[in-house]
Amino acid sequence: MTGLERVKERIERYIAAGVSSLNEDHAKEIFRQLGMPVVEERKVAGREAVLAAGDELGYPLALKGIGKNI
């Protein structure tokens with residue numbers, strides 16, 4: 001199965017599940033499947049987890065707040 005076929009299947013699953021627009025995570029997964037470069041990321045909570053992610057990924061880090069009320 002080609003990357004484009006996998007993307008088509010994924011989008012068809014989103015539509016069947018009632019998804020009307022892609023969120024950032026959905027879009028990044030599609031980009032990865034198509035072989036497009038996507039910045040590596042970690043979702044963490046708390047200072048220690050941020051520092052551990054920095055040690056793993058390297059510095060500098062970019063922080064982004066996520067949540068329904070942001």
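No lab work stands behind these numbers, since they all come straight from the coordinates. The shown structure was predicted, so the numbers you read here are calculated from the model rather than taken from an experiment. No Cβ is skipped: glycine too gets one built from the backbone with ideal geometry, and neighbour counts run over all protein chains shown.
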Per DSSP, loop trypsin sites (Lys or Arg not before Pro) in the range 24-53 with at most 12 further Cβ within 10 Å = ARG42, LYS43
query = Remind me, relative contact order of the chain in percent, using alpha carbon pairs under 8 angstrom and six or more residues apart?
reply = 25
message = Which of rounded, prolate or oblate describes the range 28-68 when judged by the alpha-carbon gyration tensor and an a/c cut-off of 1.5?
response = oblate
message = Give me the Å³ per residue figure for the convex hull around the C-alpha atoms of the chain.
response = 121
